[in-house]
Amino acid sequence: MSQSSKPDQTISNLPAQHSTAQTHRRILADNLQSLSDAFEAGTSINDIVQARAKAVDITLIDIWEQYFADYAEDVALIAVGGYGRAELHPKSDVDMMILLAEGALKKHQSRIEAFITLLWDLKLEIGHSVRTCEECTSEAGKDVTVVTNLMESRLLAGSQQLFKNMRKATAASSIWSKRDFLQAKLEEQTNRHRKFDETAYRLEPNIKEGPGGLRDIQTIFWVAKRYFDAEGLEDLTRLGFLTESELKALLQGREYLWRIRFALHILTGRREDRLLFDHQRELAKMLGFQDDENNLAVEQFMQHYYRTVTELQRLSEMLLQLLQEAIEHRDDTFKPEPINKRFMSVHGYLQVCDEQIFLRYPPALLEVFLIMQQHPELKGVRAQTIRLIRNHLHLIDQKFRDDLICRDLFMQILRQKFGISHELRRMNRYGVLAAYIPEFSNIVGRMQYDLFHVYTVDLHTLFVLRNVRRFSAKEHEHWQPLCSKIFTTLDKPEILYTAALFHDIAKGRGGDHSQLGAVDAEKFCLNHGFDRDSTNTVKWLIQNHLLMSMTAQRKDISDPAVINEFADKVGDQVTLNFLYLLTVADISATNPELLSSWRSGLLQELYLRTKYVFRHGLAKPIDADTHILERQTDAEKMLLERGISAEDVQRVWINFSRDYFLRHIATEIAWHTKAITRANNDDLPLVLIGEPGNRGVTPIFIYARDNDGFFAITTTVMTRLRLNIVDAHIITSTNGFALDTYLVLDEQNQPLLDQYRIDKLRDMLNKNLRQPDNIPRPPPRPVPRRLRHFDVRTRITAEDSADGRLTLVEVIAGDRPGLLATIARAFLDCGVRVHDAKISTIGETAENIFMLSDMHNKPIKNPEALQILTRVVQERIDQQPSADIVDEYTF
């Protein structure tokens with residue numbers, strides 16, 4: 001790195017004499033600017049953080065001397081925590097303790113208050129405590145974080161003897177035995193990792209507290225310092241816990257995280273340890289990343305980050321295990337328990353029988369994970385064996401991959417009853433999975449800069465595999481009961497596991513990842529003993545792994561033609577089973593909030609409808625007329641049981657179109673019909689709000705004298721109440737009444753259950769639908785923070801619907817509050833009618849599909865009219881005036 005700006009030069013002109021607060025503020029600000037310049041010039045981050053600590057040292061000592069120069073015997077100023085380690089970032093907490101002799105507080109209280117006040121005036125992030133030696137011992141004995149802070153303390157000014165007494169009183173020989181301290185720090189780390197779902201691969205990771213972050217490195221040092229009196233991470237090599245290459249990786253990882261943290265503090269002007277979307281793009285730029293053909297700079301930056309913390313997490317796991325063994329089993333006499341001629345159990349961990357085993361028998365690099373599956377009593381892989389695995393990864397070459405023994409071992413791992421996903425995650429963590437399947441290495445740590453995919457591609461892939469495995473576990477059958485039932489019918493579950501492993505493996509290469517991944521999977525299958533039929537099924541599943549979710553979310557699955565078309569593409573029941581399981585597992589692993597009850601219900605409905613087709617044979621597709629008759633028969637039976645006469649039913653139904661009966665199930669038809677037969681004109685508009693039911697979504701039915709403004713009014717009301725419309729059917733009866741149905745969720749994507757909100761919704765709809773010519777405007781609502789950092793280009797396409805009766809318009813735009821209401825108002829102003837709407841939000845992107853007509857219920861055929869319509873909608877979405885355009889053309 002360039003050394004063009006030496007940090008020490010930035011503090012050379014700090015005054016030795018007493019200075020005013022204003023002077024110190026200026027000097028510290030100048031120091032920070034100089035260090036920022038040094039950072040940009042590539043100066044060592046180690047030098048920079050130490051120089052910042054030294055600059056603060058000089059300031060604090062100078063101010064301290066103003067108040068305590070004559071009191072060096074009974075008071076001391078001590079740096080603790082990160083500041084005690086002489087490591088400070090621009091906005092790090094300056095943690096310090098004022099240590100007092102017994103009975104000295106009253107004597108120094110006014111000086112202490114003045115000292116602290118002056119530090120606050122300097123705008124330093126001060127964290128301070130005032131304690132006697134006895135109080136230090138008491139507090140440290142109760143709280144492991146306190147004793148940890150004191151372990152890293154250093155004397156800045158004042159009584160050397162007080163400082164020595166405090167260090168002796170809080171040493172391991174006095175409080176927190178080495179074993180107790182170790183257990184407390186391990187528990188602390190476990191709890192901390194649990195807050196981050198045990199993974200560093202989050203969209204907005206915490207570089208300090210997250211797994212593999214700076215706190216993990218500090219934990220290693222704390223344990224080593226407490227037990228071995230280590231003064232730095234370098235001592236871990238001298239003590240035999242780290243090799244030179246591992247120490248280098250550990251120090252380089254820490255330096256990289258330090259550079260990110262320093263840049264974060266400069267960028268935000270505050271203490272910030274989260275890699276928020278707000279900052280990721282600018283950080284990538286600050287750290288020298290640039291966009292390339294296939295990957296954004298921010299994606300490259302985050303991939304580098306994820307790979308760094310993964311390596312740090314592995315080193316942390318290994319080191320803490322070694323330290324724990326040295327502390328807890330130092331004096332133990334133990335006898336290893338043999339597992340086979342290559343492996344044994346040592347203290348409950350898997351260990352190789354000798355260090356040459358991987359050289360003599362390379363397949364043992366895979367056998368490790370098979371043994372872990374077959375011996376659930378093992379707590380993990382012993383640290384020395386982890387190191388050996390890492391040091392012998394070079395043996396996993398093409399010859400290794402072509403070895404029939406290795407191929408058989410990998411398939412055995414995939415076919416075990418237990419531990420498949422757990423051991424594949426371990427294989428990924430140790431680097432074995434990417435070595436055995438080279439294509440997998442490209443997706444390790446790869447993020448996608450959007451809100452849809454909340455995990456990196458490799459972690460997402462392994463979560464899909466985990467979800468698939470859960471379908472086979474009885475303890476998880478409550479999660480997706482239908483999936484669990486279907487899984488028991490699979491003859492070859494390895495087909496599903498392989499499809500899960502390869503479905504996203506080609507992301508980031510350019511081109512269609514589904515097609516490229518299918519090629520990789522075909523090669524893998526043929527090399528690992530799959531027959532041609534099984535191989536073709538895996539290929540098809542990967543090529544079409546988005547088919548079911550796209551059909552369910554973007555098409556009208558109440559339409560028999562849609563179901564018939566989907567069934568024709570899938571081909572048979574066995575493939576449908578595989579596709580349904582893969583789809584549910586995939587969506588669940590993409591984003592924990594994505595598989596809402598609504599989406600889950602859609603997928604299940606599509607599965608069951610398609611299963612019906614296969615049960616009757618593809619040669620006999622669902623007939624729409626038969627479908628309508630069945631629903632009418634069932635609905636009429638329900639109505640008769642509820643006291644509604646057949647004459648009243650037919651009087652209502654005679655005005656209903658085929659579309660109405662195709663789009664509603666029998667229970668919905670009966671619900672609507674009963675309400676309509678009992679309503680009179682004074683009751684209109686009739687607004688029905690139903691129970692969520694199996695679909696997990698709140699249905700709303702509106703019956704009133706039709707008006708073209710109803711869709712705009714309804715969407716605006718929903719926006720005002722922070723509700724999301726996910727589906728809408730806008731149907732007009734032959735006698736001119738609206739039969740409009742909306743399916744809605746609340747802002748948490750849950751059905752509407754709060755009775756107050758339900759009543760409020762009904763009242764607002766009634767009030768506004770009675771005044772259809774006075775359409776309220778959507779209220780201004782701030783765009784959520786995460787959405788602000790994605791620039792989604794608005795795209796609008798128009799084409800004839802499949803049956804040619806309407807015009808299909810697709811609007812893709814950046815999601816934001818009130819988007820649908822904005823689009824609805826644009827349609828109304830352009831004089832087009834909405835007949836159907838499919839609303840889908842994928843991360844930061846809203847994908848909406850509308851079925852439209854002109855005012856005569858005909859498709860919009862005029863090219864000029866379509867051009868104006870798309871222009872108006874786009875400009876409304878992009879918040880540009882467009883009234884003058886609307887006036888140019890009458891639809």
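The values are calculated or read from the model by the stated rules, or taken from the named source; none is laboratory data. Being a predicted model, the structure only gives us computed values, none of them experimental. No Cβ is skipped: glycine too gets one built from the backbone with ideal geometry, and neighbour counts run over all protein chains shown. Surface accessibility is based on the protein's heavy atoms, side chains included, excluding ligands, DNA and RNA. Shrake-Rupley method; radii C 1.70, N 1.55, O 1.52, S 1.80 Å.
A few points about this structure:
- Options ARG111, ARG192; residue that is touching a residue at least 24 places away in the same chain (Cβ under 8 Å) and open to solvent by 20 Å² or more (accessible area, probe 1.4 Å): ARG111
- Leading residue by the ranking (most open to solvent (accessible area, probe 1.4 Å)) among those in region 553-576 that are in contact (Cβ under 8 Å) with a residue 60 or more places away in the chain and touching a Leu at 6+ places or on another chain (Cβ under 8 Å): ASP559
- In region 117-138, residue surrounded by the fewest Cβ atoms within 10 Å (Cβ to Cβ) [restricted to those that are more than 20 Å from PHE163 (Cα to Cα) and among the aliphatic types (A, V, I, L, M)]: ILE126
- Filter pass, GLU311 being under 29 Å from the mean Cα position of the chain (by Cα), of a type in the set (Asp, Glu) and buried (at least 18 other Cβ atoms within 10 Å of the Cβ): yes
- Unique match (being open to solvent by 60 Å² or more (accessible area, probe 1.4 Å) and of a type in the set (Asp, Glu)) among ASP62, ASP37: ASP37
- Checking MET447 against (1) assigned to a helix (DSSP H, G or I); (2) open to solvent by less than 20 Å² (accessible area, probe 1.4 Å), the condition it does not meet: (1)
- Screening ASP292 on (1) over 26 Å from THR148 (Cα atoms); (2) part of a helix (DSSP H, G or I) shows it passes everything except condition (2).
- Flag if THR677 is among the polar types (S, T, N, Q), out of contact with any Cys (no Cβ under 6 Å at 6 or more places or on another chain) and surrounded by 18 or more Cβ atoms within 10 Å (Cβ to Cβ): no
Residues are listed down the side, and each one gets a yes or a no for (1) of a type outside the set (A, V, I, L, M, F, W, C); (2) out of contact with any Leu (no Cβ under 9 Å at 6 or more places or on another chain); (3) not in a strand (DSSP E or B):
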| residue | (1), (2), (3) |
| --- | --- |
| GLY127 | yes, yes, no |
| GLY141 | yes, yes, yes |
| LEU150 | no, yes, yes |
| ALA157 | no, no, no |
| LYS168 | yes, yes, yes |
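- Of the residues THR714, THR698, THR734, the single one that is surrounded by fewer than 17 Cβ atoms within 10 Å (Cβ to Cβ) and of a type in the set (Ser, Thr, Tyr) is THR734.
- Checking each residue in region 506-525 for being touching a residue at least 24 places away in the same chain (Cβ under 8 Å) and either in contact with a His (Cβ under 6 Å, 6 or more places away or on another chain) or crowded, with 17+ Cβ neighbours inside 10 Å (or both) picks out ALA506, LYS507, GLY508, SER514, GLY517, ALA518, ASP520, PHE524, CYS525.
- Check on ASP634, acidic (Asp, Glu) and within 24 Å of VAL454 (Cα to Cα): no
- When the residues of region 452-472 are filtered to those that are in a loop (DSSP other than H, G, I, E, B) and open to solvent by less than 20 Å² (accessible area, probe 1.4 Å), the one that is modelled with the lowest pLDDT is THR456.
- The helices (runs of 4 or more DSSP H) falling completely within region 200-288 that include 3 or more residues that are open to solvent by less than 10 Å² (accessible area, probe 1.4 Å) and on the phi < 0 side of the Ramachandran plot map to 214-228, 244-268, 277-286.
- Residue among THR132, THR137, THR117 that alone is β-branched (Val, Ile, Thr) and more than 43 Å from the chain's Cα centre (by Cα): THR132
- Qualifying residue in region 526-541 (condition: touching a residue at least 24 places away in the same chain (Cβ under 8 Å) and under 28 Å from PHE850 (Cβ atoms)): no
- A single entry from ASP623, ASP659, ASP586 fulfils the requirement of being within 17 Å of ILE557 (Cβ to Cβ) and surrounded by 15 or more Cβ atoms within 10 Å (Cβ to Cβ): ASP659.
- For first residues located in region 141-155 and without any contact (Cβ under 8 Å) to a residue 40 or more places away in the chain, partners that are outside any helix (DSSP H, G or I) and open to solvent by less than 10 Å² (accessible area, probe 1.4 Å) and lie 6+ apart or on another chain with Cβ distances below 7 Å form the pairs VAL147/THR170.
- Top-ranked residue in region 529-552 [being touching a Lys or Arg at 6+ places or on another chain (Cβ under 9 Å) and crowded, with 18+ Cβ neighbours inside 10 Å; ranked as farthest from GLU847 (Cα to Cα)]: PHE530
- Selection within region 65-89 - under 15 Å from VAL130 (Cβ atoms), open to solvent by 50 Å² or more (accessible area, probe 1.4 Å) and under 46 Å from the mean Cα position of the chain (by Cα): none
- Contact annotation: residue pairs with Cβ atoms under 8 Å, 6 or more positions apart or on different chains, pairing a residue in region 382-409 that is within 20 Å of LEU350 (Cα to Cα) with a partner that is part of a helix (DSSP H, G or I) and open to solvent by 70 Å² or more (accessible area, probe 1.4 Å), are HIS392/LEU359.
- Filtering region 846-865 to residues that are open to solvent by less than 50 Å² (accessible area, probe 1.4 Å) and either among the basic types (Lys, Arg) or farther than 20 Å from LEU743 by Cα (or both) leaves SER853, ASP854, PRO859, ILE860, ALA865.
- The number of residues in region 66-92 that are touching a Lys or Arg at 6+ places or on another chain (Cβ under 8 Å), closer than 29 Å to VAL144 by Cβ and part of a helix (DSSP H, G or I) comes to 1.
- Counting only helices (runs of 4 or more DSSP H) wholly contained in region 647-722, the ones carrying 1 or more residues that are more than 38 Å from the chain's Cα centre (by Cα), under 27 Å from ASP773 (Cα atoms) and small (Gly, Ala, Ser) occupy 666-677.
- Hey, ASP47 touching a Pro at 6+ places or on another chain (Cβ under 9 Å) and open to solvent by less than 30 Å² (accessible area, probe 1.4 Å) or not: no
Listed here are the residues, each with its yes/no results for (1) of a type in the set (Lys, Arg); (2) open to solvent by 10 Å² or more (accessible area, probe 1.4 Å); (3) over 26 Å from LEU490 (Cα atoms).
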{"position": "MET372", "(1), (2), (3)": "no, yes, no"}
{"position": "VAL381", "(1), (2), (3)": "no, no, yes"}
{"position": "LEU388", "(1), (2), (3)": "no, yes, yes"}
{"position": "HIS394", "(1), (2), (3)": "no, yes, yes"}
{"position": "ASP402", "(1), (2), (3)": "no, yes, yes"}
{"position": "ARG407", "(1), (2), (3)": "yes, yes, no"}
{"position": "PHE410", "(1), (2), (3)": "no, no, no"}
{"position": "ARG425", "(1), (2), (3)": "yes, yes, no"}
{"position": "VAL432", "(1), (2), (3)": "no, no, yes"}
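- Hits in region 178-188 (condition: open to solvent by 50 Å² or more (accessible area, probe 1.4 Å) and either free of Cβ contacts under 8 Å to residues at least 12 places away in the same chain or among the basic types (Lys, Arg) (or both)): LYS178, ARG179, ASP180, GLN183, GLU187
- Answer from ALA172, ALA104 - the residue that is open to solvent by 10 Å² or more (accessible area, probe 1.4 Å), modelled with pLDDT under 95 and not polar (S, T, N, Q): ALA172
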